[in-house]
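J.: Could you have a look at this structure, given as structure tokens, before my questions?
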Amino acid sequence: LRLVAAGGSVTAGARLADKSERYDVRYASWLRSHFGLEVEVINAGHGARNSLHSALFADAILPGAADIIVWEFSLNDLSPRSHTGCCKPSDMRFMLEQWLLRVARHPSRPLVIIAYLWSSPIYSSDASLLQDAYRATADVGERFPFVVGTVNVAEALGRQGLSVERLAAKYTNDQRHPNGAGHGVMSDLLAQLTMRAVDDELPPSAV
């Protein structure tokens, strides 16, 4: 099984001293241990990349064969401080749709998991923008049958009831890039979604 992790600097493992702590490496380890699979990990993360960049350069980003693609969404698509200037839900719908349309033409017909991450608004308490962004993500994902589901990291962290400052200190290195614990949360959510998909109990809502 070939697992491809695509996205921006989070997927690339920015600020991690040990790249083996990345979520894709941990998720692959879980797939091996639970299903006895041989898993090859292809990390296609690159700093500042968003969905539109990935759609335009898909041939260079994606390998010729891929079984599962985990797509890191929202950090660069959503951030108002991004050099792309894209922060409205309509912008994100368009960018994600273009990326998924490109993936739909991939010869291997891979399954896709969207990893909806925290973003700058979670630290500026702009809950409205965050929710609008997530709805845009979910709406687009549901239109493509090869999208297995979405894991919502920001929502999972929010359930802990911790302050924004404590969440940032516990799970990030710089209030933007996850530390080892943050990547662990992402891997755990991917594992939960996979088990629910395997059991054919995956509901329309995200994990």
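The values are calculated or read from the model by the stated rules, or taken from the named source; none is laboratory data. None of these values were measured; they are calculated from a predicted model. When we count neighbours, we look across all protein chains shown, and the Cβ atoms used for this are built from the backbone with ideal geometry, even at glycine. To get the accessible areas, we keep the full protein, side chains included, count just its heavy atoms, and leave off ligands, DNA and RNA. Shrake-Rupley method; radii C 1.70, N 1.55, O 1.52, S 1.80 Å.
J.: Determine, yes or no, whether S79 is more than 19 Å from Q175 (Cβ to Cβ), among the small types (G, A, S) and modelled with pLDDT under 90.
T.: no
J.: For a quick check of your reading of the model, give me the residue pairs whose first member lies in the stretch 76-104 and is over 13 Å from R49 (Cα atoms), whose second is in a loop (DSSP other than H, G, I, E, B) and modelled with pLDDT of 75 or more, with beta-carbon atoms closer than 6 Å and at least 6 apart or on different chains.
T.: Going by the 6 Å Cβ cut-off, the qualifying pairs are L100/F144.
J.: Could I ask something else about it? Given (1) at pLDDT 90 or above; (2) over 24 Å from A191 (Cα atoms), identify the lone condition not met by A127.
T.: (1)
J.: Next up: Take the stretch 31-45 and flag every residue that is under 19 Å from L189 (Cβ atoms), open to solvent by 60 Å² or more (accessible area, probe 1.4 Å) and touching a strand residue (DSSP E or B) at 6+ places or on another chain (Cβ under 9 Å).
T.: Listed by number, the list is empty, since nothing qualifies.
J.: Restricting attention to the stretch 164-197, which residues are open to solvent by 50 Å² or more (accessible area, probe 1.4 Å) and outside any helix (DSSP H, G or I)?
T.: N173, D174, Q175, R176
J.: Anything in the stretch 15-25 that is within 16 Å of the chain's Cα centre (by Cα), open to solvent by 10 Å² or more (accessible area, probe 1.4 Å) and closer than 12 Å to N43 by Cβ? List them, or say none.
T.: Residues satisfying the conditions are R22, V25.
J.: I'd like the full set of residues that are at pLDDT below 70 and buried (at least 23 other Cβ atoms within 10 Å of the Cβ), limited to the stretch 105-121.
T.: W118, S119
J.: Then there's this: From the residues in the stretch 46-69 that are under 15 Å from the mean Cα position of the chain (by Cα) and modelled with pLDDT of 95 or more, which one is surrounded by the fewest Cβ atoms within 10 Å (Cβ to Cβ)?
T.: Checking each candidate, the answer is I68.
J.: Let me ask something additional. Scan P145, P204 and give me the residue that is out of contact with any Lys or Arg (no Cβ under 8 Å at 6 or more places or on another chain), part of a loop (DSSP other than H, G, I, E, B) and modelled with pLDDT of 75 or more. Give the derivation first.
T.: Details: P204 fails: modelled with pLDDT of 75 or more.
None of the other options fit; the residue is P145.
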